[in-house]
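In what follows, a structure is listed as structure tokens, so that the remarks can point back to it.
The values are calculated or read from the model by the stated rules, or taken from the named source; none is laboratory data. A quick note: this is a predicted structure, and the numbers were derived from the prediction, not measured. Note: ideal-geometry Cβ built from the backbone for every residue, glycine included; neighbour counts use all protein chains shown. These area figures cover heavy atoms from the full protein model, side chains too; ligands, DNA and RNA do not enter into them. Shrake-Rupley method; radii C 1.70, N 1.55, O 1.52, S 1.80 Å.
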Amino acid sequence: MKQRAEAQERTRRRITEAAVELHGTVGPAQTSISALAQRAGVRRSTVYRHFPDEASIFAACSAHFVAQHPYPDPGAWAQVSDPAERVRTALGELYPHYGRVATMMDNLLRDAPLVPVVDAQLAGFRGYLEACAEVLMAGRRLRGRAHRRTRAAIGHALSFPAWRSLVLEQGLDADEAAGLMADLVDAAA
């Protein structure tokens, strides 16, 4: 019994790793069950036996990818008392992370409007960014327009598209991009 369970777990892992690889190369919208089965070296029926629907494949794929590439911990940033330094610390950790996951993020964001389950999986990432923004807004005694502008600048600075524009399109390195966005947040405050 134990050997069979271990074999099933290995097969499940192969399918999951194949999903991560395909989502990271061609994207979720172009990942068919047939391609997934071929990449994992199993039959389509085996994929369906382990993952009865698209949502279960994406959940396993996401969990596996995030375990390999964990998000920076916003709880650690909360320990930085100066709000401006907290933003610099956060972006100094988040932007290198974006560099490590850029291809996957590009594919997920591109395909989210086409594949509802991808958009649903991205809800966790959006929640993470909201938690980050809350940590970065803490301790700022701002009201009205200054509050809205600072919150908007923080939200923009945390976004993957802002990182993508500055690093991949404008040619800044991660430190330069983080510094520029931290300056934007300071100016908004």
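Using heavy atoms of the protein chains and a probe of 1.4 Å, the accessible area assigned to Leu142 is about 40 Å². The GluC sites (Glu not before Pro) of segment 21-128 include none that meets both conditions, a loop assignment by DSSP and at most 15 other Cβ atoms within 10 Å of the site Cβ. At R0 = 22 Å, how high is the FRET efficiency between Ala76 and Glu130 if r is their beta carbon distance? Nearest 0.05 is fine. Approximately 0.80, to the nearest 0.05.
Expressed as a whole percent, the accessible surface of the chain that belongs to carbon and sulfur atoms is 52, based on a 1.4 Å probe.
A Cα-only calculation for segment 20-137 places Rg and Dmax at 16.9, 56 Å. Oblate is the label for segment 84-189, because the ratio a/c of its alpha-carbon gyration tensor axes (a ≥ b ≥ c) is 1.5 or higher and a/b is not greater than b/c. Would you mind classifying segment 1-73 by shape? Square roots of the alpha carbon gyration tensor eigenvalues, ordered a ≥ b ≥ c; an a/c under 1.5 is rounded, otherwise it is prolate if a/b is larger than b/c and oblate if not. Note, shape of segment 1-73 comes out oblate.
Between Ala131, Ala152, Ala162, the Cα set farthest toward the positive side of the dipole of the chain (charges on each charged residue's Cβ, about the Cα centre) is that of Ala131.
Compared with the dominant Cα axis of the chain, that is its longest principal axis, helix 54-68 is turned about 60°. Just the accessible area per residue of the chain, please: how many Å² with a 1.4 Å probe? I get 54 Å² per residue for the chain. A 1.4 Å probe over all protein chains sorts Leu114, Leu91 by accessible area into Leu114, Leu91, starting with the largest. Annotation note: trypsin sites (Lys or Arg not before Pro) in segment 132-176 located in DSSP loop regions with a Cβ neighbour count of at most 13 within 10 Å are Arg141, Arg143. Comparing Ala90, Ala138, Ala162 in a Gaussian network model of the chain where C-alpha atoms under 10 Å apart are linked, the largest mean-square fluctuation is found at Ala138. When only the Cβ of Lys, Arg, Asp and Glu is charged (+1, +1, -1, -1), the dipole of the chain relative to its Cα centre reaches about 660 debye.
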